[in-house]
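The values are calculated or read from the model by the stated rules, or taken from the named source; none is laboratory data. Note that the structure is a prediction, hence the values are computed from the model and not measured. Quick reminder, even Gly has a Cβ in these numbers, built from the backbone with ideal geometry, and neighbours come from all protein chains shown. Just the protein is used for accessible areas: all its heavy atoms, side chains included, with ligands, DNA and RNA removed. Shrake-Rupley method; radii C 1.70, N 1.55, O 1.52, S 1.80 Å.
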Amino acid sequence: MPDRVPAPSAVPALPALPADELLALDRQHVWHPYGPMPGRQEPLVVESAAGVRLRLGAPAEGQDELIDGMSSWWSAIHGYNHPVLNEAVQDQLGRMSHVMFGGLTHEPAVRLAARLVEITPAGLEHVFLADSGSVAVEVAVKMCLQYWRSIGRSGKTRLMTWRGGYHGDTWQPMAVCDPEGGMHELWQGHLPRQVFADAPPGGFDAAPDPAYVAHLREVVARHADELAAVIVEPVVQGAGGMRFHSPGYLRVLRELCDEFGVLLILDEIATGFGRTGALFAADHAGITPDVMCIGKALTGGYLTLAAALCTSRVADGISQGEVPVLAHGPTFMGNPLAASVALASVDLLLGQDWRLEVKRIEAGLREGLTPAAGLPGVREVRVLGAIGVVQLDHDVDMAAATRAAVREGVWLRPFRDMIYTMPPFVTGDADVARICRAVCAAAREG
Ligand SMILES: *Cc1c(COP(=O)(O)O)cnc(C)c1O
């Protein structure tokens with residue numbers, strides 16, 4: 001008997017929602033990131049997006065469209081509505097959008113996992129596909145805790161990190177975000193108490209500071225017996241303050257972890273896929289972590305997908321333990337649509353001279369943001385890869401700064417004392433220059 005499938009017309013298409021009605025419903029019912037209910041600032045309605053431009057549902061500050069200076073939070077590295085990525089999704093959609101991953105497998109997930117093993121630092125062999133960055137961090141932490149438990153070291157349950165970090169919004173990640181001034185300060189009394197070293201000294205090119213290296217050594221040594229893992233964002237600390245540090249500190253952490261028997265987790269969720277000028281930030285240091293988290297740009301911004309990769313040592317330790325399984329299995333694990341578009345996005349990146357594109361954007365950001373250093377209220381301007389940051393000496397007036405950028409035709413989302421941009425890698429030189437003008441305008445008015 002044929003399946004009982006109704007015709008598409010069984011659900012009539014809805015008429016377009018006028019922008020004012022949409023905003024009224026949004027205000028009434030919809031939470032937005034890190035906001036109260038209802039939100040304090042009215043969001044802009046995006047009707048569609050193509051290339052590096054967001055087309056607005058209603059003009060804002062006289063603009064119908066905005067250049068996206070944020071890559072939708074690090075993710076849309078190839079821009080929007082990309083023909084190659086569209087085709088990958090459409091092609092997969094014609095086969096299946098999802099099947100469960102327990103007991104079943106499929107080509108998109110398997111090919112993606114193999115590709116990730118191929119391009120990440122040597123020694124990372126096994127891939128756990130998760131549905132968001134925060135979940136990938138949860139899985140990474142679970143892997144490390146379980147590894148030690150499995151080999152009979154169940155006292156090793158704590159994590160060490162350095163201050164100024166950000167690792168996501170679920171429970172374990174919150175516990176290793178910077179405990180002061182960050183978004184999760186409220187929960188400090190309730191989170192697992194982890195071990196914090198001082199924030200790494202700033203500057204990608206600065207030589208490692210021996211006093212800071214000694215400090216790291218002292219903290220790892222003091223807590224070695226109870227530490228399961230050190231977890232850090234390599235080279236760029238993102239949502240914790242947009243600070244850059246020397247890759248030398250990653251080599252130091254690798255050595256300390258080896259010496260004192262601690263696992264090393266690198267959270268590359270923001271830094272992965274070329275953003276800092278290396279394919280992965282770990283490549284600047286030439287090290288392999290025991291576990292690595294990736295997400296954000298993994299699908300080119302199309303769908304939510306992340307992964308925790310680990311070495312055979314970690315996987316074997318877990319799988320030979322008293323409970324020889326990793327008890328984690330998201331409902332949408334390995335989602336075929338997400339895996340297909342991720343594979344297409346990775347191959348699209350690797351199939352072009354992405355280093356050159358990132359260098360080109362880096363040069364544009366350096367040139368365009370230099371004038372900001374002379375503005376009153378600006379503390380520091382820093383650029384690394386396709387990331388540009390203007391740090392103020394005061395908290396940004398979000399509404400005023402956003403408005404100033406929109407007036408220049410650019411979408412920016414400042415936070416705390418930072419106005420920053422990480423444009424899609426396909427952003428042309430004129431658009432990079434315009435983004436820089438918008439950052440400067442936001443710094444002036446915010
Ligand atoms: C964004 C981010 C996360 C969290 O990822 P989500 O997909 O938002 O859960 C974790 N770590 C880092 C470094 C990030 O930038």
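Annotations for the structure displayed:
- Taking the square roots of five times each eigenvalue of the Cα gyration tensor of region 1-52, the equivalent ellipsoid has semi-axes of 33, 16, 13 Å, listed largest first.
- Overall dimensions of region 309-369 as given by Cα atoms, namely Rg and Dmax in Å: 19.6, 58
- Of all lysines in the structure, those lying under 23 Å Cα to Cα from Lys156, and not within fewer than 8 positions of it along the same chain, are Lys142.
- Relative intensity, log₁₀ I(q)/I(0), of the chain from a Debye sum that treats every alpha carbon as a point, q = 0.10, 0.13 Å⁻¹: -0.75, -1.25
- 10 Å binning of all Cα-Cα separations within region 305-446, expressed as whole percents from 0 upward: 11, 29, 21, 20, 14, 5, 0
- All-pairs alpha carbon distance profile, region 85-144, 5 Å steps from 0, percent: 4, 13, 19, 25, 23, 11, 5, 1
- Using a probe of 1.4 Å, the accessible surface attributed to Trp171 totals some 120 Å² when neighbouring protein chains are kept in position.
- Positive-end ranking of Leu17, Leu145, Thr288 along the dipole of the chain, with charges on Cβ about the Cα centre, is headed by Leu145.
- Mean accessible surface per residue for region 264-375, computed with a 1.4 Å probe while every protein chain stays in place, in Å²: 35 Å²
- Rounded percent of accessible protein surface that carbon and sulfur make up, the chain, 1.4 Å probe: 54 percent
- Per residue, the accessible area of region 1-78 comes to 71 Å², computed with a 1.4 Å probe over protein heavy atoms only.
- Relative frequency of Cα-Cα separations exceeding 15 Å in region 263-325, percent: 56 percent
- Computed [θ] at 222 nm, deg cm²/dmol, the chain (DSSP H ≥ 4; -39,500 (n - 2.57); rounded to nearest 500): -11000 deg cm²/dmol
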